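Notes follow once the structure below has been shown.
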Amino acid sequence: MRKFITVFWSLTAIILFILSLVLVQNAEAQSRWGVGTSFEIRDNAPSNGFGLRLERGIFSDLPLVDIKMRAHFSYFSESVESYRDIPGEGISSADLGVYDFGLAATGGISFGLLNPYVGAGLGSENFRAVMDDFEDQNVSDDNLYWNLYGGALVSILPRLKPFVEYRFTRLLGADEFDYNHDSRFAIGVMLEF
């Protein structure tokens, strides 16, 4: 039932995102698309990964204000030597993997070369831990989350924009985790067209 709810809300969010892209056509000539990639660091294991994002500007006729819809995906992977101490079995190594995807709304202000922004969104995080020594001890957990983020784009080149971003994520239910939130720092580049 839990996976059904996760899939249902994920599909609902994707459909709403696509509808918002289709229905907001009054400023089509000024609307911008953006594709970005980033290196990301989390404060929980696995800690290093990469991210992809797709953005579309909406309400582009507003002066100095930049409002966008965003779809994002992140993947983290790490091998650890002492993931869990299993009583009577010793310490096992594990391959950890986390991927998440979500939708968000972003609002920013243009200050010449610097474009600060903030945003909020919803998504789904999927965690997997595969124990190398003990196959029956594998861990898997899927959770919905909400997140808040802020960052800045630097407009050095007309279409290529480096960015930095900080994101705070709060899980809505973590069965297998001993944490329910994480912080993330991302540095990357956005291509706007």
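The values are calculated or read from the model by the stated rules, or taken from the named source; none is laboratory data. The structure displayed is predicted, hence computed values, not measured ones. FYI the Cβ positions are ideal-geometry reconstructions off the backbone, even for glycines, and counts take in every protein chain you see.
Values as computed for the structure displayed
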| item | result |
| --- | --- |
| Single unsatisfied condition, Lys68 versus (1) touching a helix residue (DSSP H, G or I) at 6+ places or on another chain (Cβ under 8 Å); (2) modelled with pLDDT of 90 or more; (3) surrounded by 19 or more Cβ atoms within 10 Å (Cβ to Cβ) | (1) |
| Only one of Arg84, Arg128, Arg170 that is at pLDDT below 90, at negative phi, within 13 Å of the chain's Cα centre (by Cα) and part of a strand (DSSP E or B) | Arg170 |
| Any hit, region 95-112, residues being surrounded by fewer than 14 Cβ atoms within 10 Å (Cβ to Cβ), out of contact with any Phe, Trp or Tyr (no Cβ under 7 Å at 6 or more places or on another chain), assigned to a strand (DSSP E or B) and at pLDDT 90 or above | yes |
| Residue that is surrounded by the most Cβ atoms within 10 Å (Cβ to Cβ), among those in region 71-81 that are hydrophobic (A, V, I, L, M, F, W, C) and either in contact with a Ser or Thr (Cβ under 6 Å, 6 or more places away or on another chain) or closer than 22 Å to Leu148 by Cα (or both) | Phe76 |
| Tally, over region 145-170, of residues that are surrounded by fewer than 20 Cβ atoms within 10 Å (Cβ to Cβ) and without any contact (Cβ under 8 Å) to a residue 60 or more places away in the chain | 16 |
| Residue ID - nearest to Leu113 (Cα to Cα), chosen from residues in region 175-193 that are modelled with pLDDT under 90 and crowded, with 16+ Cβ neighbours inside 10 Å | Glu192 |
| Evaluation of Pro116 against (1) in contact with a strand residue (DSSP E or B) (Cβ under 8 Å, 6 or more places away or on another chain); (2) modelled with pLDDT under 85 (one fails), failing number | (2) |
